[in-house]
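Read the structure below first, then the notes.
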Amino acid sequence: MLIVKKFGGTSVADKERMFNVANRCIEEYKKGNDVVVVLSAMGKYTDELISKARDMDERPPKREMDMLLTIGEQMSVSLMAMAMHTLGVPAISLNAFQVTMHTTSSHQNARLKRIDTERIRRELDARRIVIVTGFQGVDKYDDYTTLGRGGSDTTAVALAAALHADACEIYTDVDGVYTADPRKVPTARKLKEITYDEMLDLATSGAGVLHNRSVEMAKKYGVPLVVRSSLNNSEGTVVKEVVSVERMLISGVALDTDAVRIAVLGLRDVPGVAFKVFDTLAKKNINVDVILQSIGRSGTKDISFTVNKDDLEDAVATLEEHKERLGFKELHSERGIAKLSIVGSGMLSNPGVAAKMFESLYNEGVNINMISTSEIRITVLISEKDGVRAMNAVHDAFGLAD
Ligand code: ADP
Ligand code: ASP
Ligand code: MG
């Protein structure tokens, strides 16, 4: 069997945890399996590197950020190879260049395009454990890129797909995927199984337990994923196409506090305006979420939408730059908001789901600013200060509590 095992930052935060991971991998190797390990940077090291950068430059060039951030993963893989060496097991660390992991050139948010597998195969054939840097890639100019925060999950899934692995295991600091972030909702329950689509919507809505692109890729290539703890042996959660367990109305609740709202006011009320606004942002690689268009004063319209807070400055600068062509009067941005989402394929056949969510928010006295829905997801924009309280209320109202 070929197994890809990914360990996140907390799981390799210090020497003791590194050895714990090394032992888990060696156990698998000694059963005769081929083992590919994907690691994140140790603990909060990526955050530390980001603050070093900000200290140097308020808006650091994205290319240089990627040069810097790739250090984190390179440190963990080499130290892990040393840990395994100490334990007498042959292992080799490889970074994105050595593999090679080819990506687009969109620094800080690159997409994996292709992975060369020859080097990894050769090392596995020589009976080595192969330890690969998560999160990083290389573009066509031979520059380092990174896949976006939390991107090591995507590295692992992409490697599992490219190597036709028999299993892809994501080890983290919780026992699996829960009905809500167990650190914010004490009554959250662990799910035995969840579908790719539900997991994708949860991940995109702020459930950081998996990088959303990793789920997208797992679905595309049919890679079954297991999310489990690096600290114990409990069973974890399987992410797959169809689940066999009994369906609940909704399978999870997620809170995203990384969003900011931008309002573009006084646009002309003619066809093509929304297209121009969002096309301008898309060309800058800025992702737009919950959108609301409303009637403004005297034949104008207003458009509000959310973007990730890392994109706020870019989005505002881009819109201001095109102010004349887009023809708006004012631009506002607002922090301190949160997106609360419920996800579940059970809502497909149940018309009362939205009403139930809104009722539980009403009971908590939480005001809703914007609403957006998809087939299996309802998202409301609320004030950040209400976030965790609202999340708990909605979670419990749907009977998800343990
Ligand atoms: P890693 O460093 O292992 O990648 P992350 O911090 O990226 O770990 O992801 C694990 C965290 O995701 C957990 O500690 C938990 O707080 C958070 N989380 C958010 N939503 C969920 C959820 N629905 N189920 C489990 N964990 C969740
Ligand atoms: N080290 C990166 C981050 O902190 C990637 C990851 O952990 O998945 O975002
Ligand atoms: Mg993660």
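The values are calculated or read from the model by the stated rules, or taken from the named source; none is laboratory data. Everything quoted here is computed from the prediction, not taken from an experiment. Cβ atoms come from the backbone with ideal geometry, glycine included; neighbour counts cover every protein chain shown. Ligands, DNA and RNA are stripped out before the accessible areas are found, and what is left, the full protein with its side chains, is counted by its heavy atoms. Shrake-Rupley method; radii C 1.70, N 1.55, O 1.52, S 1.80 Å.
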Strands (runs of 3 or more DSSP E) fully within region 2-98 counting 2 or more residues that are open to solvent by 50 Å² or more (accessible area, probe 1.4 Å):
none
Within region 118-171, which residues are open to solvent by less than 30 Å² (accessible area, probe 1.4 Å), more than 16 Å from ligand 1 (Cβ to nearest atom) and either within 17 Å of the chain's Cα centre (by Cα) or of a type in the set (S, T, Y) (or both)?
G137, T145
Flag if M357 is within 20 Å of T179 (Cβ to Cβ) and either surrounded by 22 or more Cβ atoms within 10 Å (Cβ to Cβ) or among the hydrophobic types (A, V, I, L, M, F, W, C) (or both):
yes
Filter region 311-345 for residues that are closer than 19 Å to A393 by Cβ and not aliphatic (A, V, I, L, M); which is surrounded by the fewest Cβ atoms within 10 Å (Cβ to Cβ)?
K339
Please return the ranges of strands (runs of 3 or more DSSP E) entirely within region 320-402 where 1 or more residues are in contact with a Lys or Arg (Cβ under 6 Å, 6 or more places away or on another chain).
330-334, 337-343, 377-383
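Of these, T280, T187, T257, T204, which one is open to solvent by 60 Å² or more (accessible area, probe 1.4 Å) and of a type in the set (V, I, T)?
T204
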Here's a check for you: in region 130-161, which residue that is aliphatic (A, V, I, L, M) and without any contact (Cβ under 8 Å) to a residue 60 or more places away in the chain is farthest from ligand 2 (Cβ to nearest atom)?
V138
First in region 315-330 and closer than 14 Å to G272 by Cβ, second anywhere and among the basic types (K, R) and at pLDDT below 95, Cβ under 9 Å, 6 or more apart
G327/R268; F328/R268
Restricting attention to region 283-299, report how many residues are open to solvent by 20 Å² or more (accessible area, probe 1.4 Å) and more than 27 Å from M65 (Cα to Cα).
9
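Look through region 173-186, keep the residues that are touching a helix residue (DSSP H, G or I) at 6+ places or on another chain (Cβ under 6 Å) and of a type outside the set (A, V, I, L, M, F, W, C), and return whichever of them is nearest to S234 (Cα to Cα).
Restricting to residues being touching a helix residue (DSSP H, G or I) at 6+ places or on another chain (Cβ under 6 Å) and of a type outside the set (A, V, I, L, M, F, W, C), the top hit is D173.
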Show the residue pairs meeting these rules: Cβ distance below 6 Å; 6+ apart or different chains; first residue within region 162-182 and at pLDDT 95 or above; second residue of a type in the set (D, E).
I170/D153
